[in-house]
Structures are given as structure tokens and as C-alpha cells.
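Each remark here refers to the structure printed beneath this line.
The values are calculated or read from the model by the stated rules, or taken from the named source; none is laboratory data. Computed from a prediction, not measured in an experiment: that's the story for all the values here. Note that each Cβ is placed from the backbone with ideal geometry, even for glycine, and that neighbours are counted across all protein chains shown. In case anyone asks, the SASA skips ligands and DNA or RNA and just uses the protein heavy atoms, side chains included. Shrake-Rupley method; radii C 1.70, N 1.55, O 1.52, S 1.80 Å.
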Amino acid sequence: MRKIIFGSLFIAGLLWAQGSQPISQQDINLQNEISDASNQDITPKSVEDFFDEFKEKFQIEYGQTANGRTFYTGSANVLVSDTDPQFSKALQLAYQKALMDLQKEFIKDAFGRIATEKISIYEADNSTNAREFEDLPKGGTIEQIFNKITQLAGAKLDKALNDLGVNVEGLNEERKKTLFKEEFMIKNMTNAFGKMSGLIPVQTVITQKRGEYKVGIIAVMSDKTRQIAQDMSLGRKSLITGKGKEIKEYLPKETKGYLNEYGIRLIYDENGAPVILSYGNWGFIPVANNNRMTNRLEDDAKKNAATQADAAIMEFVNINISLKDERTTGEQYEEIIKQSINLKENSTQEQEQTIANIIDKVSAKVKATTSGKIRGIRTLKTWDYTGENGVEYVGAVRFYSYDNLANTNEALNPKGSGTNAKASGGAKPANIQRQSNVVNNIDDF
């Protein structure tokens, strides 16, 4: 906004200085550039803005490129703010939720079955006694209560009502009759179950809007990524190759850069062989005046981060997902008459009500499971960082490569059989907005 105001004042001043002299084309171009919303640097960006920029950069239409690569996006809100000591953990959990959101879209696309049910209800009571309530049954509980009320008061009354099984609080009896009701409901039920492999996150973003943080993920799947996943599951060297460099050159140059990286990346090493790089992130809360306990908490957090990284690699190879999504929408209009009886005062009141509702209900359940043994995963780096608001971050970078696999097989069995290996195992808001580096070009996938 500041840029637009400055530009407008500049043009106005130019006009005042020149009087009735014509404006030059250069001035017109300047004003057009300032006024063009598509050229403005809008900050902060939303997750959706990042998604749109990515689609435009790689010319993605309807989720696909010309070469059959399919892109998916997912997002999730972060539970706490950046001033909370648990912020580092909340970011990782939000990433996991965003990834599940993305996986859900794939399963729904590939295996989803949608059933739609429409229900229309119309009721009208046009009887001459529609607004009249029938008499209460004689000798029933209500009559007994009325009799007690005329005889007792205070605590004695409450005890007598309790003996009759009546809750003494409120002591109101309410009856309702529907005079007119019109309801239209639509139920859409999506069920899907399937197995996926080869889904590679390309970029992650963390944005802030109205004080709330959000994590977004862009991921891709192609024949090439599925083939690499299958080769990993079978423990064989992949025939897929690409243009690459030394693995460490893909890592952030500074420790702070690791805060932007979540999940896995598909890269190619200096020999052109595919490598799965996996970033695990977590955090811890230091114990005041107890360095020994703090160090142990940090070590445990790094082990947790390594586990997160290994799990992400497993999900790339093979994951089973089930989805059950039920959404009910509709509208409801109802005219009713209500009769309220105050049992203590022995009084009756009747009133008519009109209710109009728009119905929008969601019930969704997604379950993702993965299991298996992947040999050839090793630690490339562990790190720790204290953030802007004193939040403690830690992480581990794990990676899979066929060279790792071959080396492990050789260590376990010099003859190369290698079939019995064990599996490896109070500050101001910082206004954080960041995104991971894109280390790929479109031909990598």
C-alpha cells in the first residue's frame, strides 16, 4: 500500500508541476506498473499464493503437466503460535497433517467411490386444533407433582419431587408440536482404500495469516518416481538416472535453512543415481538449571526427528490409505408451537417459533499405515537451532541410496547375499514466513 500511495503522489506532483502539459509515456508506464495488481509484491503470501506461483512456474494445468506428472497439494493449520515453546513440534505435526491431506486427495482421485443421497421432507398440520395441546393424562406424574406443590414448599417439596424421580432444578415441563416443516438434505459419501507409492514432496511452505500459521505441501507423482519406489522395495539398483551433484551440496548452507525443510526430496548424486533425502524435525523444552536433563531431552528429540525421517522414506515406498468422508448439506424450515409449564408456579405459557437453518456437517476419517524394512538408510547430518522467540529446534537428515544398500549388504555378508539384515533404526511473534528450496527441475520426476 505504501508503494501505491507514493507512486500516486509522484504522478500528482508531476501533473501539478507541469500544469496543462501532456504526461509523457514514461510517466504513464510508471503509473500503470504501480497500479497493476499482478505486479505487486503482496506480503504476507498465503499457502494458496505459493501453490499458484508453483503451477505457473511449471505450467501445471488441472494437476498435470504434458509428460504425465501429477501434482497434488495439501495444507494444515499449526496448532500454536511461534511464541509457544512447543512451536517446533507443532510445525512437524502440521506437516504430517498436510501430507495426509495430500495423500487423501490422491486416494480419492485414484480409488474413490462417491454415493449421493437426496432427501426431501414436507410436513404440514392444517387441522383446526393444530395449535392446541391435548390434556395431560389424569393421575400421572404431572398430577402427582401438582398435588405435592399445593401441599409442600421449600426443601420438603424438593425431596418429594426427588422421590417421584423428578429433577428439581428448573422444574419446567416443555411440549412441542410441529405446524409446518420443510427439509431438503444432500448426503455425499466418499469411500476409498488403496495403496500408493512414489509420491515425492517438491516444496513445503510455512505462512502466517491473521496470526495463524499454516503449512502447505506441493508433491508430484510420475512413472519415474513410482519406478524408483518399486526398485527400493525390491532392493535393486534403479535404471532411472538424472543430472545430479554431490549429496551434501543439496543441503541448506546455514543451519537456519533447515527450519524450512520437511519430509523427503528426490535428488540425484554426482553419478546420476537417485537418492531419497529425508528431513526430520522436532523440538524440546530446556529444563531450567539442569543441563544434564536438557542434553538428554535434546538427544531424544534428535532420535525422534530421525524416526520421522525414516518413516517419510517408508511412506514413499509403500503406504496404505483408507478414506471415509461424509458431508451433509441442506436447508431446514420449521414452524413450531411450544408449551412451557412451570411446575412450581403451576402456570402455562405457549409461544410460536420459526426456525430456519442451513445445514453443513462434515465427518471424515483418514487412516494411513506403512510397514516394511528398508536397508540402506543412513544419517547425513543432525542439527539444532534456537529460533527467534527462543524455541528450540532439532533435526536429522537421513538418506537412502543404492550405494548405502550395497555397502550394508557387503558389511553383513562379504559374499553379497545380505538377506538377514536388521532394520536400521514470552517474546513477540516472529511473523515467520518461509519456504523450502526447490532442488529439482521438472525432468527429475
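Things worth noting here:
- Only residues that are of a type outside the set (S, T, N, Q), in contact with a strand residue (DSSP E or B) (Cβ under 8 Å, 6 or more places away or on another chain) and surrounded by fewer than 18 Cβ atoms within 10 Å (Cβ to Cβ) were counted in the range 232-241, giving 1.
- Test: residue in the range 399-416 that is surrounded by 14 or more Cβ atoms within 10 Å (Cβ to Cβ) and modelled with pLDDT under 80: no
- All positions within the range 201-223 that are under 18 Å from the mean Cα position of the chain (by Cα) and open to solvent by 20 Å² or more (accessible area, probe 1.4 Å): 208, 209, 210, 211, 212, 214
- Scan the range 98-121 for residues that are among the basic types (Lys, Arg) and surrounded by 19 or more Cβ atoms within 10 Å (Cβ to Cβ) and the total you get is 2.
- Residue 245, sole failed condition from (1) loosely packed, with under 15 Cβ neighbours inside 10 Å; (2) modelled with pLDDT of 90 or more: (2)
- Of the residues making up the range 370-384, just one is in contact with a Leu (Cβ under 9 Å, 6 or more places away or on another chain) and open to solvent by 60 Å² or more (accessible area, probe 1.4 Å), namely 381.
One line per residue, one yes/no per condition, for (1) within 23 Å of the chain's Cα centre (by Cα); (2) of a type in the set (A, V, I, L, M, F, W, C):
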residue	(1), (2)
225	no, no
261	yes, no
293	no, yes
296	no, no
300	no, no
307	yes, no
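- The residue of the range 51-80 that is modelled with the lowest pLDDT, among those that are out of contact with any Ser or Thr (no Cβ under 7 Å at 6 or more places or on another chain) and assigned to a helix (DSSP H, G or I), is 57.
- Test: residue in the range 343-350 that is of a type in the set (Ser, Thr, Tyr), surrounded by 14 or more Cβ atoms within 10 Å (Cβ to Cβ) and at negative phi: no
- Residue in the range 355-362 that is surrounded by 14 or more Cβ atoms within 10 Å (Cβ to Cβ), among the charged types (D, E, K, R) and not in a loop (DSSP other than H, G, I, E, B) present: no
- Some residue of the range 306-329 being closer than 30 Å to residue 380 by Cα, surrounded by fewer than 16 Cβ atoms within 10 Å (Cβ to Cβ) and β-branched (Val, Ile, Thr): yes
- Any hit, the range 226-237, residues being part of a helix (DSSP H, G or I), among the hydroxyl-bearing types (Ser, Thr, Tyr), over 24 Å from residue 47 (Cβ atoms) and touching a Phe, Trp or Tyr at 6+ places or on another chain (Cβ under 9 Å): no
- For residue 83: the one exception among (1) in contact with a strand residue (DSSP E or B) (Cβ under 9 Å, 6 or more places away or on another chain); (2) modelled with pLDDT of 70 or more: (1)
- Lone qualifier among 310, 299 - being farther than 18 Å from residue 198 by Cβ and part of a helix (DSSP H, G or I): 299
- Among (1) under 25 Å from residue 408 (Cα atoms); (2) outside any strand (DSSP E or B); (3) open to solvent by 50 Å² or more (accessible area, probe 1.4 Å), the one test that residue 287 misses: (1)
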